[in-house]
Amino acid sequence: MTGEDELEALRQTMPPTAPSNASVDWAQFGRSWGKQFPSDYCRFIDVYGYGSIERYLAVLKPEPEGTVTENSDMANETDVAREAWSWVRKAPELAEARPELIAWGGDASADLLCWDASDEDPGRWPVLVYNRDDGLWRRYDCGMVQFLVRVLRGDFDECPLGDLSLWGRESAVFLNRDEEERRWEAGLDPWTGEPDPYAGMFGP
């Protein structure tokens, strides 16, 4: 399955709800990290943006390396992941691995979703997941978009994440952060679309 096929499969399972909230100069972005990023990820951000799948799995805001602040996403979680690698147990396939971790996602179970970005070809970066419930790093030999498709289809031997919220759903909703905030400020529950008397009072 090509990257375009994978993205189309994800569109069928999780149709975009709004235009992307991210406009990224991918060449400049890549220079900040010292490497180009996988094309499936770039297309995902260009189509969906950054935000949340079913209030459970967050796709992090793309950020230049080193921009760690209180509100940072990718840069901060990458630092957290690299620290966690130093002490968390690894599955057997990672016993001798020395990955260059870059975080692209996280979830409500406090799992970390990363790439091993050590290969010169970003199309070959596998997904590495730190499942906090298991206290274990595992590797999944697929890209970010295929990983999401396979989670939503229940197409791994077992769920890679610490909760079954997305496992085998077949259908899911993604809201980028701008769209979630827009709905909230309009007095709606962002995820149901129904009026919410508390919406907009305390922020999304």
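For the range 145-177, filtering for residues that are among the charged types (D, E, K, R) and out of contact with any Ser or Thr (no Cβ under 9 Å at 6 or more places or on another chain) leaves 4. For the range 178-194, state whether one or more residues are in contact with a Cys (Cβ under 7 Å, 6 or more places away or on another chain) and assigned to a loop (DSSP other than H, G, I, E, B). No; the residues of the range 178-194 include none that is in contact with a Cys (Cβ under 7 Å, 6 or more places away or on another chain) and assigned to a loop (DSSP other than H, G, I, E, B). Suppose we keep only residues that are touching a residue at least 60 places away in the same chain (Cβ under 8 Å) and in contact with a strand residue (DSSP E or B) (Cβ under 9 Å, 6 or more places away or on another chain) within the range 133-150. Which one would you say is surrounded by the fewest Cβ atoms within 10 Å (Cβ to Cβ)? Looking at the filtered set, the residue picked out is Gln146. Scanning the range 73-128 for residues that are closer than 15 Å to Phe37 by Cα and part of a helix (DSSP H, G or I) returns Met74, Ala75, Thr78, Pro122, Gly123, Arg124. For the range 94-132, the tally of residues that are among the charged types (D, E, K, R), touching a residue at least 40 places away in the same chain (Cβ under 8 Å) and closer than 16 Å to Glu158 by Cα stands at 1. The single residue among Leu161, Leu166, Leu148, Leu128 that is in the same structural domain as Ile53 (by TED's automatic domain parsing), at pLDDT 95 or above and touching a Lys or Arg at 6+ places or on another chain (Cβ under 8 Å) turns out to be Leu128.
The values are calculated or read from the model by the stated rules, or taken from the named source; none is laboratory data. These figures come from a predicted structure and were not determined experimentally. Cβ sites come from the backbone with ideal geometry, for glycine too, and all protein chains shown count toward neighbours.
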